[in-house]
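Structure record follows, encoded as structure tokens.
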Amino acid sequence: MISSNKLPVRSRQSGFTLIEVMIVVAIVGILAAIAYPAYAEYILRSRRVDAKNALLDYASRQEKFFSTQNRYAKSRKELGYSSDTDETYTIDVMSSGSTANYKLTVAAANVTQNTFTVTAVPQGAQTKDVKCYTFSLTNTGLKQNFAANNAALTGDCW
């Protein structure tokens, strides 16, 4: 009889080499280094929109109040916000969660003179937005924004 002596056949192993894994890790690291700052900027810009909407909502409520009372409201309660008896008051602007991103501030002297200026000042993580730091809106519709160093900016942020 003929005997068959079979030589052992090497089976092909599957998997990744260390070089392949390191290349993938490097690519993911580069993409993350590019994507995270863009994402952080996007979040800051979206919160700016919340502040601007809150300013416009406040101005709308003041104008509605003025049309019936012939003066601007002196408290949040008069505008339909939660009760407040102070003439100088603040309103928190929140995107999500319980942390305020901006605080709307109205000075008492402005509302007693049949004018108002409402200012949105960043709070918490939004203080990192040094490009468009604060926003303000007056009863005449004047929109201003300031950088973190209080330098007036052009209308880039509005």
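What pairs come out if I take residues in region 138-158 that are farther than 26 Å from ARG61 by Cβ and modelled with pLDDT of 70 or more and pair them with residues that are part of a loop (DSSP other than H, G, I, E, B) and among the acidic types (Asp, Glu) whose C-beta lies under 9 Å away, six or more apart or interchain?
ALA148/ASP129
Is it true that GLN62 is polar (S, T, N, Q), at pLDDT 85 or above and surrounded by 15 or more Cβ atoms within 10 Å (Cβ to Cβ)?
Criteria met by GLN62.
Among the residues that make up region 16-32, is at least one of them touching a Lys or Arg at 6+ places or on another chain (Cβ under 8 Å), of a type in the set (A, V, I, L, M) and more than 30 Å from ALA125 (Cα to Cα)?
No; the residues of region 16-32 include none that is touching a Lys or Arg at 6+ places or on another chain (Cβ under 8 Å), of a type in the set (A, V, I, L, M) and more than 30 Å from ALA125 (Cα to Cα).
With respect to ALA32, determine if the residue is small (Gly, Ala, Ser), more than 18 Å from THR105 (Cβ to Cβ) and at pLDDT 90 or above.
Taking the combined requirement at face value, the residue satisfies it.
The values are calculated or read from the model by the stated rules, or taken from the named source; none is laboratory data. Source: prediction; values computed, not measured. When we count neighbours, we look across all protein chains shown, and the Cβ atoms used for this are built from the backbone with ideal geometry, even at glycine.
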